[in-house]
Every structure is written in structure tokens, then in C-alpha cells.
1. Looking at the stretch 174-193 only, could you name the residues that are more than 11 Å from the ligand (Cβ to nearest atom) and under 28 Å from MET242 (Cα atoms)?
2. Let me spell it out: the conditions are (1) free of Cβ contacts under 8 Å to residues at least 24 places away in the same chain; (2) closer than 21 Å to GLN272 by Cα; (3) of a type in the set (Val, Ile, Thr), and THR40 meets all of them except one. Which number is the exception?
3. Please determine whether any residue of the stretch 366-386 is among the polar types (S, T, N, Q) and either outside the structural domain of THR300 (by TED's automatic domain parsing) or farther than 29 Å from LYS223 by Cβ (or both).
4. For the stretch 34-48, enumerate the residues that are of a type outside the set (Lys, Arg) and more than 16 Å from the ligand (Cβ to nearest atom).
5. What do you reckon, is ASP103 within 12 Å of the ligand (Cβ to nearest atom), out of contact with any helix residue (DSSP H, G or I) (no Cβ under 7 Å at 6 or more places or on another chain), touching a residue at least 24 places away in the same chain (Cβ under 8 Å) and acidic (Asp, Glu)?
6. With the requirement that a residue be touching a Lys or Arg at 6+ places or on another chain (Cβ under 9 Å), free of Cβ contacts under 8 Å to residues at least 60 places away in the same chain and over 15 Å from ALA317 (Cβ atoms), what does the stretch 343-370 give you?
7. Could you list all residues from the stretch 242-263 that are within 17 Å of LYS27 (Cβ to Cβ) and among the charged types (D, E, K, R)?
8. Residue check: is GLY111 within 15 Å of the ligand (Cβ to nearest atom), within 22 Å of the chain's Cα centre (by Cα) and not aromatic (Phe, Trp, Tyr)?
Amino acid sequence: MSINIVLAQKFEDLAQTPPMGWNSWNKFACNVDEDLIKQTADAMVSSGMKDAGYEYIIIDDCWHGERDEKGFISANKERFPSGMKALVDYVHSKGLKFGIYSDAGWQTCGGKPGSRGREFQDAQTYAKWGVDYLKYDWCNTEGLKAEGAYLTMRDALYEAGRPIVLSICEWGQNKPWKWAEDVGHLWRTTGDIYNCWDCEEDHGTWSSFGVLRILDMQEGLRKYAGPGHWNDPDMMEVGNGMKVNHDRAHFTMWAMLAAPLIAGNDLSNMTQETIDILTKKEIIAISQDALGIQAFKYQTKDGVETWIKPLSNGDWAITFLNRSKNEQKLNMKWEEQEIIDPDFGYKMNLASQVYKIQNIWKEANLKDTQKPLKISIPAEDVVTLLLTKN
Ligand code: GLA
């Protein structure tokens with residue numbers, strides 16, 4: 001007798017660049033229904049976001065109805081009268097992909113049925129609906145070990161047979177960057193984000209954090225990420241009420257970090273400024289660069305952080321993030337810089353190589369690295385340069 005054993009694994013070849021899309025949670029929380037999802041898919045196309053590279057429409061917590069007598073989950077019937085399969089089909093008909101949400105515990109964070117003990121059954125259901133992406137949360141998991149719980153869902157998805165991106169959402173509590181490369185395609189590194197530049201919102205037993213707080217929590221993690229396995233500093237708050245300079249800096253830093261670019265605002269009601277930020281193609285190109293390496297922090301001076309991201313073909317992106325409340329002037333001689341990636345060893349050859357410089361947000365050319373760099377960086381804002389070989 002011979003037995004064929006199919007070893008489960010994660011689906012390779014997915015998320016080779018940081019996933020781009022939209023998720024309902026930051027703006028709508030539990031207030032989700034099929035009209036919202038359809039309108040959002042429509043808006044992703046009509047706003048130009050799809051053309052800019054956004055792909056996934058992800059419905060977060062609270063879509064759930066009850067389990068049936070056999071334990072199969074379905075969507076809440078009042079909010080999703082046409083059912084989940086029809087909604088997935090609608091999103092696919094727009095040329096987009098569909099993401100869904102569940103939880104490794106017995107209930108989701110919003111108190112809906114979790115997947116604990118039902119992992120294989122739920123994975124089958126998602127595959128049958130045509131789901132392309134699963135965000136898998138970590139509420140109500142007392143007694144569970146994170147690595148094992150996420151491995152179980154990974155294996156369940158593999159067995160169900162449809163390639164589905166697995167987004168691990170255990171808030172960095174069990175250091176997923178150390179074990180999740182073979183388990184999921186991205187992993188949250190922190191607690192929840194909050195639409196504020198530099199704050200902590202205390203909810204009693206947990207906190208959510210503003211953009212700069214989340215950014216500071218990424219220290220030391222860049223060496224763990226790469227194509228198919230990304231650090232996830234949470235979904236974006238662009239267009240959710242911060243000032244435009246904060247939104248621009250937030251978006252730019254997420255791109256520099258090769259973070260998933262998952263919009264979290266109302267796509268049907270965006271200002272032109274929000275659209276311009278979310279669809280800025282040169283910044284998206286930095287995020288989606290095939291090398292898949294996060295920026296490192298090169299130096300901090302007068303409240304200005306210099307972040308540098310190696311790109312494929314020997315190009316580089318540099319972002320000056322001014323965290324101070326004043327405009328800062330910068331006068332820098334390129335030949336005095338020694339720019340070496342501390343984790344991956346890439347080196348900028350400023351002695352033997354002249355790089356052309358493009359100031360991305362200003363849409364201006366700044367000549368090249370033979371001239372000193374003289375720029376000013378507005379308060380709580382960014383200047384991003386693209387350096388390309390001549
Ligand atoms: C957790 C996650 C959030 C969101 C909510 C839903 O807080 O971290 O991103 O999914 O649960 O309840």
C-alpha cells in the first residue's frame with residue numbers, strides 16, 4: 001500500500017511586491033454591507049487607484065452571520081442579502097481581487113464567529129467563494145500558540161487549493177518576523193493605527209498609535225522582510241482627517257518601508273489631494289520596487305530623519321522626514337556621505353557614479369550628485385528624491 005502525503009505549505013509566488021488595496025476597518029469599523037463594498041470597488045476603478053496598482057478590496061470584521069447546523073459560515077443576511085459569493089463575483093468583475101477577515105480565536109475582535117476549530121471548513125468556504133486574501137486576527141485566542149494557530153490556517157488554505165494571501169494580524173506580540181516567513185505573506189508588527197500624526201490613544205487594556213509612533217516601532221525589523229513576506233505596520237489613514245502634509249508623509253514612509261499599501265479611507269468621497277497622494281505613481285514605484293527591501297534610517301539631525309531605500313538596477317530612493325515643527329534647511333555634499341545598507345550590504349557608489357536626482361513631490365529635477373544638495377523640508381512633511389544612474 002502506498003500513501004500519498006501532500007505536505008502543506010504557504011502559497012508561493014503571491015505578494016511578490018507589497019500588497020495594495022483597501023480595507024474597510026479604519027473608516028467603517030463594523031458598519032459594512034454589500035453596497036459599501038460594491039461602491040468602493042467602483043470608486044477604486046473610477047478614481048484611478050486601480051490603474052495606479054491597487055488590487056484588493058478587503059472586508060474586515062463584522063461581515064459574518066451565524067454558522068449553519070453543519071458549522072458553515074455565511075454572511076450576515078441583512079447586510080449582505082445577495083450573499084458573499086455574489087459580492088466576490090462583483091469585485092472580480094471589476095478586475096479586482098477580494099479579501100476577507102477572520103480570527104484564530106473562537107470569536108473575532110468584533111464578537112463574530114472566529115475560525116478556531118473550523119479552520120479547514122472556513123478555508124474551504126473562502127476558496128468556494130473565490131476569496132483571494134485572508135486577514136487573520138488574534139482576539140480571543142487564550143491558550144493558543146500563535147505560530148501553531150497561523151500554521152493551521154496556512155495548511156487549511158493550502159488544502160482548500162485556491163491561492164489566498166495570508167495576512168497575519170497578531171499585532172507583533174509573538175514576533176512573527178522570526179517565524180512567519182513560511183507561514184504567511186505579511187504580518188502586522190504593531191497594535192492598531194489611529195488617524196493622528198504622533199499620539200497614543202488609550203483604550204484601557206490596549207492602545208492604538210499615530211503614524212510616527214508606529215513608524216518608530218519598526219526598528220530592527222527590516223532584515224526580516226522581502227518578496228512574499230512583508231512587515232505590515234497596519235493599514236493607512238490617508239484621507240481620514242489628518243492634515244495633507246501628514247497624509248503625504250505617512251504615505252511616503254509606508255512606501256519607503258515596503259509596507260502593504262492598504263488604503264483605509266472612504267474611496268467614494270475623496271478630496272483631490274487624497275487621490276493625488278494615494279495615486280502618486282513615483283512613490284508607488286518605490287514601494288513596489290522588485291528588490292523588495294525596506295528603507296533604513298541613515299541619520300537624524302535637527303529633527304530630520306534621512307531614510308534610504310535601495311532599489312533594483314542600482315537606483316536609490318531617499319526621503320527626508322522632518323518631524324520638527326519648523327521648516328529645516330539641508331545643505332549636503334554627496335561626496336562626504338558614505339551610504340551603505342547596514343543589513344543587506346548595498347553601497348551607493350558616490351565616488352565613481354553620478355546619479356541623476358528627481359524631487360518626486362515637487363516634480364522637479366535637481367541635477368545630479370556632483371552638486372551639493374540644497375533643499376528645505378517643510379515642517380512635519382517629507383522630501384523624497386529618486387537617484388538614478390546617468
Ligand atoms: C483588530 C485588528 C484591526 C481590525 C479589528 C477588527 O483590532 O488589529 O485591524 O481588524 O481587530 O475588529
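1. Looking only at the stretch 174-193, we keep the residues that are more than 11 Å from the ligand (Cβ to nearest atom), and these are 174-187, 189.
If the condition is that a residue be more than 11 Å from the ligand (Cβ to nearest atom) and under 28 Å from MET242 (Cα atoms), then LEU186, TRP187, THR189 are the ones that fit.
2. (1)
3. If we filter the stretch 366-386 for residues that are among the polar types (S, T, N, Q), which is where we start, we get 369-370, 376, 384.
Retained after the next criterion (residues that are either outside the structural domain of THR300 (by TED's automatic domain parsing) or farther than 29 Å from LYS223 by Cβ (or both)): 370, 376.
Looking for residues that are among the polar types (S, T, N, Q) and either outside the structural domain of THR300 (by TED's automatic domain parsing) or farther than 29 Å from LYS223 by Cβ (or both), one finds at least one in the stretch 366-386, hence yes.
4. So the first thing to find is which residues in the stretch 34-48 are of a type outside the set (Lys, Arg), and the list is 34-37, 39-48.
Once the filter is applied, which keeps residues that are of a type outside the set (Lys, Arg) and more than 16 Å from the ligand (Cβ to nearest atom), the stretch 34-48 yields GLU34, ASP35, GLN39, THR40, ALA41, ASP42, ALA43, MET44, VAL45, SER46, SER47, GLY48.
5. Values: within 12 Å of the ligand (Cβ to nearest atom): yes; out of contact with any helix residue (DSSP H, G or I) (no Cβ under 7 Å at 6 or more places or on another chain): yes; touching a residue at least 24 places away in the same chain (Cβ under 8 Å): yes; acidic (Asp, Glu): yes.
In short, yes.
6. GLN353, VAL354, ASN365, LYS367, ASP368
7. In the first step, residues of the stretch 242-263 are kept if they are within 17 Å of LYS27 (Cβ to Cβ); the result is 242, 246-247, 250-251, 254, 260-263.
Correct list: ASP247 only.
8. Values: within 15 Å of the ligand (Cβ to nearest atom): yes; within 22 Å of the chain's Cα centre (by Cα): no; not aromatic (Phe, Trp, Tyr): yes.
Judged against the criteria, GLY111 is not a match.
The values are calculated or read from the model by the stated rules, or taken from the named source; none is laboratory data. Just so you know, these numbers come straight off a predicted model, no measurement behind them. Because the Cβ atoms are built from the backbone with ideal geometry, glycine has one as well, and the counts that use them run over all protein chains shown.
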